[in-house]
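Beneath this line is the structure, given in structure tokens, with notes to follow.
The values are calculated or read from the model by the stated rules, or taken from the named source; none is laboratory data. Just so it is clear, the structure is predicted and the values come from calculations on it, not from any experiment. Cβ placement follows ideal geometry from the backbone for every residue including glycine, while neighbour counts extend to all protein chains displayed. Only protein heavy atoms, including side chains, enter the accessible area calculation; ligands, DNA and RNA are left aside. Shrake-Rupley method; radii C 1.70, N 1.55, O 1.52, S 1.80 Å.
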Amino acid sequence: MPEPILEASALTKDFGALRAVHLSLAVDAGELRCLIGPNGAGKSTFFRILTGGMRPSSGTVRFRGRDITGWPAFRIARLGISIKFQVASVLEELSVFENLHLAAEFRFGNREGRRRASEMLEVVGLQERAADSATWLSHGEKQWLEIGMASVGEPSLILLDEPTAGMTVEEVKKTVRLLKRLNEMATVIVVEHDMNFIRMIARRVTVMHQGEVFAEGSMEEIEVNEGVRDIYLGKGAHYAIRR
């Protein structure tokens, strides 16, 4: 069998007496994996460890067979892992194109970066806003811009933390199409709370609870899992996860 593109083994992160993360997880190349769980389940902490924003207390992270545990963020980014955080952090004083160009230039240099930024404008559907200052974008457009910024450097693995938070129904549908297109180019892991969105994109779902992997499977399997319903809805719940 091919080696997973990402493998976390006995990974832990402690904050004093609190163990925020304690898990093992493998993701195959080409997957679009959804990572769900209630607030405080350790999802964002796990992402920070993967991208070098936080050092684990123990365990290992391997990317494409290489041990990257504890590497600084810039080395992990150069290796091919990119992240979009929940709150958009575009440079609002720059134009849409300039934001994408800046992100692409980090990997490809000025000339090639400009070409790839132009291509990404089409992918994220912001061609008509290219010259506009990012500050004038709607909430959804800023999210798409940052997804483009995370993707324009052609990473092998893209991590997206709640990419549809605050979006309208139509914006969510557009984001579904965008992520499916990006998944043709890279492995994608999405942290989300919107179960309707998860249903539209999920192939395999990992449920986290109290820092651990609680369940894995298809969305259909997860929705009928009584333990998962208890996590989200409390003991004695007798209906599937709905949002």
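Annotations
- Cα-based shape type of region 112-243, given that a ≥ b ≥ c are square roots of the gyration tensor eigenvalues and the cut on a/c is 1.5: prolate
- Think of it as helices only: each DSSP H run of n ≥ 4 in the chain is worth -39500 (n - 2.57), and spread over all residues that comes to -10500 deg cm²/dmol at 222 nm.
- Between region 33-54 and region 58-88, the alpha-carbon centres lie 12 Å apart.
- Radius 15 Å from Cβ of residue 94, net charge of other residues (Lys, Arg +1; Asp, Glu -1): -4
- Per residue, the accessible area of region 93-196 comes to 43 Å² when a 1.4 Å probe rolls over the protein heavy atoms.
- Restriction of the GluC sites (Glu not before Pro) in region 86-123 to DSSP coil positions whose beta-carbon has at most 15 other beta-carbons within 10 angstrom yields 92, 93.
- Straight-distance crosslink candidates among lysines, where the alpha carbon sits under 27 Å from residue 142 and sequence neighbours closer than 8 are dropped: 43, 84, 173, 174, 180
- Simple rule: put +1 on each Lys or Arg Cβ and -1 on each Asp or Glu Cβ in the chain, find the dipole, and look at 56, 222, 144; the Cα lying farthest toward the positive end is 56.
- Of all accessible heavy-atom area on the chain, the percent that carbon and sulfur account for (1.4 Å): 49
- Most positive-pole-ward Cα, 77, 207, 195, against dipole of the chain from beta carbon charges: 77
- Each peptide in 208-215, 25-32 receives the mean, over its residues, of other Cβ atoms within 10 Å, and ordering these scores from highest gives 208-215, 25-32.
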